[in-house]
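A short write-up of the structure that comes next.
Read-outs throughout are calculated quantities, based only on the coordinates presented, and are distinct from any laboratory measurement. The shown structure was predicted, so the numbers you read here are calculated from the model rather than taken from an experiment. Glycine also receives a Cβ, built like all others from the backbone with ideal geometry; neighbour counts cover every protein chain displayed.
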Amino acid sequence: MKYIVCLGDGMADEPIEALGGKTPLEYADTKMMDALSKKGEVGMVHTIPEGMKPGSDTANLSVLGYDPKQYYSGRSPLEALSIGVPMKDTDIAIRCNIVTISDDEVPFEEKTIIDHSSDEIGTEDCAVLLRAVQEKLQDETWQFYVGTSYRHCLIWDKGQVVELVPPHDVLGQKIGQYLPEDAHLRHMMEESYKILAEHPMNIERKKQGLRPANCCWFWGAGTKPMLSGFEEKTGKKGLMISAVDLLKGIAVGAGMGVAQVEGANGGLHTNYEGKAQAAVDGLLKEGYDFAYIHVEAPDEMGHQGSVERKVQAIEYLDQRVIRPVVEAMDASGEDYRLLILPDHPTPIRVRTHTADNVPYLLYDSRKDLRSERLYNEREAADGPFIAKGHEIMGYLFEK
């Protein structure tokens, strides 16, 4: 028996007037998910524990069977594991987004945050910009590490966990009230703008009609994580397929394998087929029992506030990931159980994460439950409900 999770990050949403009162998941052409839902179980799961922030960090830990109340130590430390940062017990890891803020002639705190991803800037270009920041701001206490796309890491030696605001939570707002209370972090953010605003690469980006990646934004501080081994915990040898360092870091911390998929970038135009093939190869050729396929695109489109592109991301997930995985597994003759779900909603209306319940679809290749329920938020609300997200792995593994 093989086990698969296909997770569309931020895929859940609210009814949208432009879609005739349907959610993006309900509106999208998802022939594969609909076919599976008629044979499987569709219900709701609550992935964010009470009192915790609705992030991809807490939510994906939950889906993987790790109670965030017990295992969560911050988002950035998980990403640091993926990057290969040798964290000490006294280190604090902080996410360093390179974002776009307004370049109008106003004091720094009066500027507006425009884009948390700087038009989904590529890793190679962003690494050039981060090196310019490193040259001016890095010292023995503060060390910058290159991650993926706009997502990077800052390590604070003998630091402290401080409250920091995610940039995607304050899009379109003036940044002053959201800047760090820590004076040095605030100083580095302001200095990074001075370094990056007139960087040749950003001048060229503006000529090309792209948003400049002109400021470091710090958030997600935490301490070195301590996860129990996934195989020890579940008895299953697991493989992670994701473009983002957060998910890779969770996998590293849990002792899972990590697939490297060329062209996987966390954006709308990622290598969907490569992710699907990595999962199939892992399960059928490389001895893995469990594959976790994470697709970031629906979340990114939710943050961008693009209804059309969020629908497109969901359709790509259905046709370019789920379909080839199902077809390959069916052709192999191997029995398998497949769980499809988001980690959290990222509604177009708010352009950030919420802690609402998310719909799940659980399919078993050996069974046909002859359900008439389609896979979307509206129909899932009438199905079974799993109140503790970290228990959903038990449902997948039939424990």
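Think of the range 83-222 as a dipole: +1 on every Lys or Arg Cβ, -1 on every Asp or Glu Cβ, centred on the Cα centre; then among 127, 195, 177, 127 lies furthest on the positive end. For residue 206, the aspartates and glutamates whose Cα comes closer than 16 Å to its Cα, not counting residues fewer than 8 places off in the same chain, are 103, 104, 115, 119, 120, 125, 198.
For the range 238-316, the square roots a ≥ b ≥ c of the C-alpha gyration tensor eigenvalues yield an a/c of 1.5 or more together with a/b exceeding b/c, which makes the shape prolate. In summary, the lysines within cross-link reach of residue 275, defined as a Cα separation below 22 angstrom excluding same-chain residues under 8 places away, comprise 2, 31, 236, 237, 248, 285, 310. Were the residues from residue 161 through residue 135 laid out at 0.36 nm apart, the gain over their Cα-Cα distance would be 6.9 nm. Between residue 271 and residue 197, the FRET efficiency from the beta-carbon distance, with R0 = 35 Å, is close to 0.60. Which percent, to the nearest 5, of DSSP beta bridges fully inside the chain are antiparallel? Close to 60 percent. For the range 83-222, the convex hull spanned by the alpha carbon atoms encloses 99 Å³ per residue.
Would you mind classifying the range 282-341 by shape? Square roots of the alpha carbon gyration tensor eigenvalues, ordered a ≥ b ≥ c; an a/c under 1.5 is rounded, otherwise it is prolate if a/b is larger than b/c and oblate if not. Judged from the Cα gyration tensor, the range 282-341 comes out prolate (a/c at least 1.5, a/b above b/c).
Relative contact order of the range 83-222: 37 percent, from C-alpha pairs under 8 Å at least 6 residues apart in sequence.
A straight chain from residue 123 to residue 368 at 0.36 nm per residue would run longer than the Cα-Cα distance by 83.8 nm. Applying both filters, DSSP loop and at most 11 other Cβ atoms within 10 Å, to the GluC sites (Glu not before Pro) of the range 88-195 gives 105, 140, 163, 181. Per-residue ellipticity at 222 nm from helix content only, as computed over the chain with -39500 (n - 2.57) for each DSSP H run of at least four residues, stands at -9000 deg cm²/dmol.
Going by the alpha-carbon gyration tensor, a ≥ b ≥ c the square roots of its eigenvalues, is the range 237-374 rounded (a/c under 1.5) or, if a/c is not under 1.5, prolate (a/b greater than b/c) versus oblate? Oblate. Summing Cβ point charges (Lys, Arg +1; Asp, Glu -1) relative to the Cα centre of the chain gives a dipole of roughly 580 debye. Structure remark: mean-square fluctuation, Gaussian network model of the chain, C-alpha springs under 10 Å; the largest value among 196, 239, 317 belongs to 196. Sequentially through the range 222-231, phi angles give Karplus couplings (6.51, -1.76, 1.60; θ = phi - 60°) of x, 9, 4, x, 9, 9, 6, x, 5, 5 Hz, Gly and Pro residues having no value and appearing as x. Between the Cα long axis of helix 307-316 and the first principal axis of the chain there is an angle of about 50°, rounded to the nearest 10. Taking one quarter of the surface of the C-alpha convex hull of the chain gives a mean projected area of 18.7 nm². Which translational diffusion coefficient, to the nearest whole µm²/s, is obtained for the range 187-242 from the Stokes-Einstein equation, given a Kirkwood hydrodynamic radius over C-alpha pairs, 10 °C and 1.306 mPa s? Value of D from the Cα-based Kirkwood radius: 104 µm²/s. The fraction of Cα-Cα pairs per 5 angstrom bin, counted from 0 for the range 323-399, comes to 3, 12, 20, 22, 19, 13, 7, 3, 1 percent, rounded to whole percents.
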